[in-house]
Structure formats: structure tokens, C-alpha cells
Amino acid sequence: MLVCQPADAQFFKKIFKKKAKTEKKAKKSADGIDDAAQIAMADIATLADNTNNRNAFMGIPLGIKASLFEKQLIEKGFTERVLEGKHTAKSYTYDGQVYGAKCTVTLAVSDETDRVYAVDVTEDTIYPSLKEVKARFAKVKAELVKVYGRGFVDNQGEAYTIQTQLGTVNLHYERGSLTSSYTFGFALDDAKAYQMAYNEMDDKEYETAPRTITSGLASACNHTDLVGLGVLLYQNRTLKGAQSVLASYDYTAGKATAKVLPATFKMDGYQATASLARRKQAITAITLTATDDAEALCKDLKTYGFTSTDQKNWRQGKMTAIVTTNTQGQVVLTIK
């Protein structure tokens, strides 16, 4: 069984690593942003310029000063967590209710501008079984989709990512080390604020690169967990198993023939198709075609343990993966 950690999950885990509490805060620099002008998730189609339009948490726009964000968070009933001992740096950690559960909320704040560029929400509840954490996952997912829109299944089903032109939301659960219990939560960022904070990060190799911003909007989503889907399909190479995996990734199955099992996925401007060659009840080859980013897909292949010398032919154990581009400019991933 492969163990993997896609780029989005790596990003969210890394940005919320706590700094030493004895660290001195850097001097804040002026950036010309008017906090009062920042709005929370206005309809992008109604604005000629979305520069002040922000991704938001509970109606609070990200990208504003941490002190103002904190004030609005406390007005919603959250309380700042008091840390023991003497500390020279503020933790920006709060306790409160999110979607009916007690949670710890942590703000990611720019050292240079003191602006909130991301928020991490971790439920206090420890879920004793996979069934229970999946039930909670489905409930919160439905609530997030109402607010932020439709997303895609990520991290082989252990995460769900919603990437809008204002920012990204990543819902995820994780099994505890050496235990059968699970933790659960979600994280979100604002695309513009993250782009600014990215410039001050020291080790960018392990960070998710910011998207291009035009008139206040980030480029549309052009990458999903194709590799994770392909690996799961390879691990479930029966007609029934493949149909179950495709359904779990929100793919709509087409009419199966004696030789092929087809399926499709659409999300705003993103489109993907699956074509699974079959011999009776066995799946013999997996072909995924999508309006995806080839470079990001190859990065995911590396994360999943595949190796390559030419960025086209990849291998991981007995699995082989081939990355090509068709005449329509779509990325084609074939796994055998």
C-alpha cells in the first residue's frame, strides 16, 4: 500500500508549524492595503476589479491585519488561548465552535505585514474509528461546499480541496501515529494574501507556489489528484472495485462495454475523463485525460514514489505511468 502526501496537504501542515515563542516579532512594513475596503467573498462576476475581494472564514475576510481579524473572531464567540509562561511572540490561537464542534483555530500571519493569509481549524474531538471520522468529514464537506462551492477529492479520499479564484480550502482527516484514532479539520488561504506571504518564506522548495493574480483573481483550478486516483484504480483492478473508486472521486460512470469502462468529471472549467481498458471483470490499463497541469502532475508522481529519467516514463514498483499530451493540449496519464 502506498503512503503519500500531496502538495496541498504538505503546504497546510508546513505553514502552521509553530515558531519558537521566544522569537522576536519583525518590524511590520506598510503595504498600502486598506483593511476597511476588504470584503468577504463577493460574487466575482459583479466586480470589475476583485483586488479587495477576499476568501473568508466565517464571514471574516483574510488578508486583513491580524489584530482586526482577532477582534472579529472574538466578537463571534471565540476566545484567545492563553499560553503558559512568558512569550514574546503572539500565538494567534483561539478556541471556539465551528460547524457545531469545539475547535482550535490558528491564524497564519505574515511577519512583514502582520496580515492573516491562512487559517487552520482543528477539531478537539478525537475520532475512534474511520467510520466516525468519515461521517463527520461528509457533514463538514457539505457545509463547506455551500459556502465555497464544489471541489475535488484529494489525497486518495482523505481530503477534499476547493480551489476558487479567491483562495483554497482543504478539508482533511489523519490517522494518529501508532493508534487507530483520527484527527480532523480544514485549512483555508486567501490567494492574494498567500502570494504576498510566499515572498518572505525561506524554504520555497517545499511550499506550494502561489497562483498568478489578475485583477484580484487567482488563475482557475487546473490540477486535481489524478495520480492518487490512478494509483487507487491500479490497486482495485476489478470492474466493481474500479466503479467504486470512480464514484468516490465524484466521477460519473458512462456505459461500460465489453472492452472499456468510461467515466467523466467536470468542475467549472476543469474537465477529466477516465477510460479503463478491461478484460471481462479485470481492469488491464488506466487512462486519465484532463485539462490539468503536466508539471504539477509530475510533481505528484514523485510524491507518490514514482521515478523517471525523462519526465514521461515513470515507474514505482510494478506500476508504470506514462505522461503525454494529446492534440487538444490535454494531459494524458496512463497507468499499467
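The values are calculated or read from the model by the stated rules, or taken from the named source; none is laboratory data. The structure presented is a predicted model; accordingly, all values stated were derived computationally and were not measured. Ideal geometry is used to build each Cβ from the backbone, glycine not excepted, and the neighbour counts take in all protein chains shown. All accessible areas refer to the heavy atoms of the entire protein, side chains included, with ligands and DNA or RNA removed. Shrake-Rupley method; radii C 1.70, N 1.55, O 1.52, S 1.80 Å.
Express the relative contact order of segment 110-222 as a whole percentage, based on alpha carbon pairs under 8 Å and six or more residues apart in sequence.
Over segment 110-222, the number comes to 29 percent.
Calculate I(q)/I(0) for segment 37-218 by the Debye formula, one identical point scatterer on each C-alpha and no solvent, and give its log10 at q = 0.09, 0.15, 0.19 Å⁻¹ to two decimals.
Values returned for q = 0.09, 0.15, 0.19 Å⁻¹ are -0.33, -0.95, -1.42.
Percent relative contact order of segment 37-218, based on C-alpha pairs within less than 8 angstrom and at least six residues apart?
21 percent.
Sequence-distant or interchain residues sharing an amide H contact under 5 Å with D292, placed H: which?
The list, which skips near neighbours in sequence, is V331.
Go through 239-248, 31-40 and give me the packing order, highest mean Cβ count within 10 Å leading.
Ranking the peptides 239-248, 31-40 by packing returns 239-248, 31-40.
For the Cα atoms of the chain, what angle does the longest principal axis make with the long axis of helix 66-75, in degrees from 0 to 90, nearest 10?
Roughly 90 degrees, rounded to the nearest 10.
Please report how far the C-alpha centroid of segment 257-332 lies from that of segment 59-138, rounded to the nearest whole angstrom.
A separation of 37 Å, based on Cα centres.
Once phi is turned into ³J(HN,Hα) by the Karplus curve 6.51 cos²θ - 1.76 cosθ + 1.60 with θ = phi - 60°, what whole-Hz value does each residue of segment 262-269 show in order, with x for glycine and proline?
x, 7, 9, 9, 10, 8, 6, x
Across segment 250-257, in residue order, what do the Karplus-derived ³J(HN,Hα) couplings come to in whole Hz, using 6.51 cos²θ - 1.76 cosθ + 1.60 with θ = phi - 60° and x for Gly and Pro?
6, 7, 8, 6, x, 6, 6, 10
Quantify, in whole percent, the carbon and sulfur part of the accessible surface of segment 37-218 (1.4 Å probe; protein heavy atoms only).
52 percent
Length gain on complete extension for the stretch K312 to Y198, per 0.36 nm per residue less the alpha carbon to alpha carbon distance?
Separation in residues times 0.36 nm, less the Cα-Cα distance, equals 38.1 nm.
Provide, for segment 152-302, the number of lysine pairs with alpha carbons under 25 Å apart, each pair being eight or more places apart or on different chains.
Qualifying lysine pairs in segment 152-302: 12.
What is the distance, in nm, between label points placed 7 Å from the Cα along the Cα-to-Cβ direction at R175 and at E295?
3.5 nm
Skipping prolines and chain starts, which residues have an amide H placed within reach, meaning under 5 Å, of the one on I64, given they are 5 or more residues away or on another chain?
V116
Loop-only check: which GluC sites (Glu not before Pro) in segment 58-157 are DSSP coil with at most 10 other Cβ within 10 angstrom?
E84
With θ set to phi - 60°, apply the Karplus curve 6.51 cos²θ - 1.76 cosθ + 1.60 along segment 121-134 and write out the HN-Hα couplings as whole Hz, x wherever there is a Gly or Pro.
10, 10, 5, 6, 5, 9, 8, x, 9, 5, 4, 5, 5, 5
What does the convex hull of the Cα atoms of segment 223-335 come to per residue, in Å³, rounded to a whole number?
Once divided by residue count, the hull of segment 223-335 is 98 Å³.
When the chain is treated as a GNM, springs tying every alpha-carbon pair under 10 Å, which of K302, K139, K131 comes out with the largest mean-square fluctuation?
Maximum fluctuation in the GNM of the chain, among the listed residues, is at K131.
Amide H to amide H, which residues 5 or more places from T320 or on other chains are under 5 Å from it, using H placed in the peptide plane?
The answer is K336.
To the nearest 10 degrees, how steeply does helix 239-248 sit against the main Cα axis of the chain, on a 0 to 90 scale?
20 degrees
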